[in-house]
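Accompanying notes for the structure given below.
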Amino acid sequence: MATPIGNLRDISLRALDVLAHADLVACEDTRVTGKLLRLLGLKAPLTPYHDHNAELARPALMARLAQGEVVALVSDAGTPLVSDPGFRLVAACIEAGIAVTAIPGASATLMALQLSGLPADRFLFGGFLPAKAVARRAALKELESVPASLIFYESPHRVAESLADMVQVLGERQAAVARELTKMHEEVVRGSLAELAARYAQTPPRGEVVVVVAPPGEAPAAAADQLDARLRRAVEDGLSIKDASALVAAETGSARREVYALALRLFRGGNEE
């Protein structure tokens, strides 16, 4: 059953009804769910069910379900089973012939995709990327050629590093960084992966973060005047034509050969190595 990801008014009428009549509510953190129930004016027996106790807690939940009791499974926020241990409980219920249904509602994954401005007809949810750089790049490499928008959850203090790895592995693409969705400080910042990496290297984001990355080949080609301006800026900063072309091509997703040809026309061989 989905619970709000920030705005309490996102709770559904069905969710209220289930919470009011459930024999037991299995949740990640009884303190978090207990606070939610108090705000909603509800009372229900709570039991913890999370990554660290799932193997021990599952048999007890299955026993109560087998007796015909109603057990509601919730996460701390959003839709259960997305980066949660709940799928094993659902699988066990299906195997045992116990009826399972879902109460839809808030989802940071889908909301970020909706607000990103990126293609939403095909998408892949990648969950949390590995914390270590080598493992993170390997995980991104597996997704490099997936013809769909990519969605990731990320810790605020690793956002800049992850975006920089995405530039290196996925190439320059358009992306969006969504944070604090449905909350007072909700923000969605859109741009190229390189631009976003530079932004958050200077000022790390706060709050819960979702990153959405465009499919391969979806980055729009930069206008000629935009390429001109970027090339002139790079050369004024002291880069050679070759290095300036490589930098601008990476930043805009344009073909390196075409950018280099444009640079030669602009500078007529000046500052070329």
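Key figures for this structure:
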| read-out | value |
| --- | --- |
| Of ALA148, ALA175, ALA66, the one that fluctuates the most in a GNM where the chain has Cα springs shorter than 10 Å | ALA66 |
| The chain - accessible surface per residue (Å², probe 1.4 Å) | 54 |
| Option label - Cα extents along the principal axes in Å computed here, alternatives (i) 77, 53, 35; (ii) 71, 53, 28; (iii) 82, 36, 30 | (iii) |
| Over the range 152-250: Rg over Rh, Cα atoms, Kirkwood Rh | 1.02 |
| When the convex hull of its Cα atoms is projected in every direction, mean area for the range 19-109 (nm²) | 5.8 |
| The chain - charge dipole about Cα centre, Lys and Arg +1 at Cβ, Asp and Glu -1, debye rounded to 20 | 200 |
| Total formal charge among the other residues, if their Cβ is under 14 angstrom from that of PRO85, Lys/Arg +1 and Asp/Glu -1 | -4 |
| Residues whose placed amide H lies under 5 Å from that of PHE128, excluding near-sequence neighbours | TYR153 |
| Positive dipole terminus of the range 224-265, leading residue within LEU262, LEU239, GLN226 (C-beta point charges) | LEU262 |
| Cα-based reach from LYS141 at 13 Å (exclusive), listing aspartates and glutamates while leaving out same-chain residues under 8 positions away | ASP165 |
| Debye-sum result for the range 116-172 in log10 I(q)/I(0), which assumes one identical scatterer on each alpha carbon, at q = 0.12, 0.18, 0.26 Å⁻¹ | -0.26, -0.59, -1.20 |
| Hydrodynamic radius (Kirkwood) for the range 167-209, which is based on Cα pairs only, to one decimal in Å | 11.0 |
| For SER75, distant residues with modelled amide H under 5 Å away | THR3 |
| Residue-wise HN-Hα coupling along the range 146-157, computed from phi with Karplus coefficients 6.51, -1.76, 1.60 (Hz; x: Gly, Pro) | 5, x, 7, 5, 10, 10, 10, 8, 8, 6, x, 7 |
| Fraction of accessible area attributable to carbon and sulfur, the chain (%, probe 1.4 Å) | 53 |
| Length added when fully stretched, GLN168-ARG122, from 0.36 nm per residue minus Cα-Cα | 14.3 nm |
| Theoretical ellipticity at 222 nm over the chain - DSSP helices of four or more residues, -39500 (n - 2.57) apiece, nearest 500 | -13500 deg cm²/dmol |
| Rough spin-label spacing in nm, given labels placed 7 Å along Cα→Cβ, for GLN226 and ALA255 | 1.8 |
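The values are calculated or read from the model by the stated rules, or taken from the named source; none is laboratory data. Note that the structure is predicted; figures quoted are calculated from it, not measured. Using ideal geometry, Cβ is built from the backbone for each residue, glycine included, and neighbour counts are taken over all protein chains shown. To get the accessible areas, we keep the full protein, side chains included, count just its heavy atoms, and leave off ligands, DNA and RNA. Shrake-Rupley method; radii C 1.70, N 1.55, O 1.52, S 1.80 Å.
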